[in-house]
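This report concerns only the one structure given below.
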Amino acid sequence: MITPPAFDLTLVAPELIVFGTALVVLMVDLWLAAERRGVLIAVSLLGLAWAAWMAAVAPDGVSFAGMYVRDALARAGQLLALGVTAAGVLVAPEYLRRGGLDRGEYYVLVLVAGAGAMLMAASRDLLMLFLSLEVLSIPLYILAATARGNPRSQEAGMKYFLLGAFASAFFLYGVALLYGVTGTTRLPDLATAVARLGSSAPAAAGLGLLVIGLGFKAAMVPFHTWAPDVYEGAPFPAAAFMSVVAKVGAFVALLRLFPLTLGALADQWRLLLGVLSAVTMIVGNLAALTQTGYKRLLAYSSIAHTGYMMVGIAIGTPAAVAAVITYLAVYAAMTTGAFAVAIALERGGGEADRIEDYSGLAGRAPLLALATAVFMVSLAGLPPTGGFVAKLGVFAAAVEGGGPGGLALALIGVLTSVISVYYYLRVAYVMYAGEAAGMVRIHASPLVNAVVLLTALVVVQIGILPAAVTAFAQQVGGLLR
Amino acid sequence: MVPAPAYLALSAVLFTLGAVGVLVRRNALIIFMAVELMLNSVNLAFVTFARQHGSIDGQVAVFFVLVVAAVEVVVGLALIVDIFRSRETVDIDDVDLLRG
C-alpha cells in the first residue's frame, strides 16, 4: 500500500487560480463573438488580481512532499510574475486587432506562461523546477510564432523553440548528474549531500549544466544569441511579455538555486557566475551600441541587464539577493513600458521597429515621449529613476560583500553603464530633436496607455521613494540569515 | 550483468551525439530529432542512477521527461510544419530573415 504524500491545496492557490483562469478563458472564447473579446481580458485580469491577493496573504509553508515552498522569495517572484502577466494581457488586444491576430488563445498562452514563472519561484525540487521551466517556455515558443502568416514571426518561433529545447536538454542532464551524485532532487537535501560529499567532477558538471539551462532563458552571454532574432521576429506584445517573464522566472530560480540553496558552497560557483556576468555586461552593452532597430536595441539591453542582475547572484550576500529582487521589479517595469510605447506606434501598417520611427515623437505625443524618456533614463541607470536605485543596490552589495572580485564586477558594471547612456539617450534625443517621422501613426489605446502610465509611475516611484520595494526585497535577503 | 558505468557512458555518448547533431545538421526536423535523442539519453542516466541508489525518484523523473518531450513534439512539429507551408523548406540556412 502506497500512501500518497500529504499536500495542501491552499498553499498552491495562486497558481491554481491562474491555471483555472486560463482554462476559463479558453472555454469562454469558444462561445464568444469576436467583437466581445474584451470579456476575455476582463476575466484574465480578475483571475490575476485574485491570484495576486492570494499570493500576498497565503501563509508560508512547504507542501507536496517538499517539492513546493512558499516563502518571501516565492512570494516576490509570484507577485512579479503576476504583474508582468497582467501587463502582457493589457498591451496585446489593440495590437492584435490591428494585425488581424485577435484570437483568445493568445491570453491563454500568456496566463499559462505566467503560471509557469510563478511555479519556478516556488520550486524546491530540481524536477519541479524543470517542469515549471517548460510550462513557462513552451507557451513562449508559440507566442513568438503567433503571427502565423508572417515569415519573420514563424522564424522567431522556430529558432526560439529549437534553441530552447536544446537548452532544456542541458538543464535536464544537469539534474540527472546531480541526482546521480546525491540520490535526491530536493534542493535542501541536495545542498547537504553536496556539502557532505565535497566537490566532485560530476557535481560541478551538473551545476554548470543547470547554469546553461537557466542562462539560456535569462539570455546570458554566451547563450544569448537567440534573443535579438526572436525579439525582432516576434510580434511586439509577445516580445514585451517574453522579455520580462522569462527573466523573472530564470532569476528567481537562480536565486533559489545558488545563494539560497548552495550558499555554503559559494566557492564552487561564484567564479563561474562572476565571469559570466562580466562577459554578459560587456557583450550586451557593446552590441547594443550599433543597433538601429528598436526591438534589437531592447534585446541587447535585456542581455546587458541580465549581466547586472548576475552580479548580485554571483555575490550572493543577503544585501545582494535583496538588490536582485529590486532590480527585477525595476527591470520588469521599465522594459514593459519601453515595449508598450512601441506597441502604440505603427509604420505603414506594420511595426514601428526602427529607432528613426521615434523621431519627433515629442511634438506629436508629448506624454508618450516623456514616458519613453523616463524609461530610457531608467534603463541607462541615471537618477532620479528606478534604474539608478537598482544598479546602485547591486553594485553597492558587490563592493561591500564581494572582495576584490566584487569590486571588479562593480567597476565593469559602472563602466558599461556609462556606455549604455549613449545608446539609450540616442532614442530620447531623436524623439525631442528629430523631425517628425512620416508614415508613423499613433494608436492611442486606453489599455496600452494605462500600462505606459503605470510602469512610468512605478519607475519614478522606485527612483524617488525606493523604501517600499527595498523593504520587501530585504525580506527575501533575510531568508539567507 | 552490465555494470552501471557502462550505461552512464552510453548515456553520455548519446547525449554528445545529440548535441553534435543539433550543432552540425541544417534540417530543422533532424535538429529536433537530435534534441529528442539528448532527452532520451538523460532518461537512460536517470534510470541507471535510480537503480544505483535503489530509489524510485529517478524512474519517476523519466515519466515527466517523456511527457515534456511529447509536448515539445506537438509544439515543435506545428512550428516546423507552419514554416514548411509558407517556404517549402525547413533548412535553417534558408530560414534567415532575422540577422544582426
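Coordinate-derived values only; no laboratory data. Source: prediction; values computed, not measured. Cβ coordinates were reconstructed from backbone atoms using ideal geometry, including for glycine residues, and neighbour counts include every protein chain displayed.
Observations
- Cα extents of the protein assembly as shown along the three principal axes, largest first (Å): 77, 57, 46
- Here the Debye sum runs over all C-alpha atoms of the stretch A:267-481 as equal scatterers in vacuum, and log10 of I(q)/I(0) at q = 0.10, 0.12, 0.18 Å⁻¹ comes out as -0.44, -0.61, -1.18.
- Altogether, the Stokes-Einstein calculation at 25 °C and 0.890 mPa s, with the Kirkwood radius of the stretch A:10-261 over Cα pairs as Rh, returns a diffusion coefficient of 132 µm²/s.
- For q = 0.13 Å⁻¹, Debye-computed log10 I/I(0) when each Cα of the stretch A:215-331 counts as one equal scatterer: -0.47
- Taking only alpha carbon atoms, the stretch B:4-87 gives an Rg to Rh ratio of 1.08, where Rh is the Kirkwood radius.
- Contour excess over end-to-end distance, with Cα ends at B:GLN59 and B:VAL81 and 0.36 nm allotted per residue: 4.6 nm
- For the protein assembly as shown, the number of Lys pairs separated by eight or more positions or lying on different chains, with C-alpha atoms closer than 18 Å, is 6.
- Nitroxide proxy distance, nm - points 7 Å out along Cα→Cβ at A:ALA436 and B:VAL67: 5.6
- A protection proxy built from the mean count of other Cβ atoms within 10 Å ranks the segments A:292-305, A:262-275, most packed first, as A:292-305, A:262-275.
- Share of pairwise Cα separations in the stretch A:1-136, more than 21 Å, in percent: 42
- Label positions at A:ARG426 and A:VAL62, each projected 7 Å from the Cα along the C-beta direction, are separated by 5.1 nm.
- Protection proxy ranking, highest mean first, for peptides A:190-198, A:331-339: A:331-339, A:190-198, where packing is the per-residue count of other beta-carbon atoms within 10 Å, averaged.
- Relative contact order, percent, chain B [alpha-carbon distance under 8 Å, six or more residues apart]: 27
- Take each residue of peptide A:151-157, count the partner chain Cβ atoms within 10 Å of its Cβ, and average: the result is 6.
- The stretch A:298-347 versus the stretch A:102-167: alpha-carbon centroid distance in Å: 19
- Between the stretch A:33-67 and the stretch A:224-258, the alpha-carbon center distance in angstrom: 21
- Estimated from the Cβ-Cβ distance and a Förster radius of 30 angstrom, the FRET efficiency linking B:VAL24 and A:ARG148 is about 0.50.
- Just so you know, the Rg over Rh for the stretch A:400-472 is 1.13, from Cα atoms, with Rh as the Kirkwood radius.
- Shielding by partners, peptide A:122-129 (average Cβ within 10 angstrom, other chains): 1
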